[in-house]
Amino acid sequence: TLTWVDGITYSASNDTATYTLTNSVGCDSVVTLDLTINTSPTVDLGNDTILCSGTTIDLNAGNGFIYLWQDGTNDSILTASSSGAYSVTITDGNGCIDSDT
């Protein structure tokens with residue numbers, strides 16, 4: 001959300017709000033709000049699980065993002081083969097981020 005100079009809080013994209021500023025000698029300036037609110041990406045690696053010895057599990061962070069796993073890899077899928085916490089941060093084309101462990 002964004003509270004703009006007109007005192008209204010906008011929670012959706014808006015390109016129609018205008019506000020007129022008048023100085024002490026009567027000169028006007030019109031300011032127009034061109035606000036784009038992007039939906040934040042979400043990533044969910046699923047519930048915690050038990051990994052049996054000698055097996056693997058694929059952790060899938062979804063499609064269409066830039067990925068950064070805790071081990072520095074950047075594929076959408078990480079194959080886990082040992083116990084531990086695995087985390088990923090995703091970034092969409094607008095620079096919005098989300099993460100999960």
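Coordinate-derived values only; no laboratory data. Remember, predicted model here, so these are calculated numbers, not experimental data. Glycine also receives a Cβ, built like all others from the backbone with ideal geometry; neighbour counts cover every protein chain displayed.
Remarks
- For the chain, the Cβ-based charge dipole about the Cα centre amounts to some 80 debye (Lys, Arg positive; Asp, Glu negative; other atoms uncharged).
- Of all the options Thr16, Thr79, Thr42, the one that moves most in a Gaussian network model of the chain with Cα springs shorter than 10 angstrom is Thr16.
- Distance between the modelled labels on Thr55 and Thr39, one decimal in nanometres: 3.4 nm (7 Å Cα→Cβ projection).
- Viscosity 1.306 mPa s, 10 °C: Kirkwood-radius Stokes-Einstein D of region 1-97 over Cα pairs, µm²/s: 91
- Across region 16-29, rounded Karplus estimates of 3J(HN,Hα) from the backbone phi angles (6.51 cos²θ - 1.76 cosθ + 1.60, θ = phi - 60°) give 10, 6, 10, 9, 9, 9, 10, 8, 5, 9, x, 6, 9, 10 Hz, Gly and Pro being marked x.
- Kirkwood Rh in Å, taken over all unlike Cα pairs in region 15-62: 16.6
- Rg ratio for region 46-101: its Cα radius of gyration over 2.2 N^0.38 Å, N being its residue count, equals 1.17.
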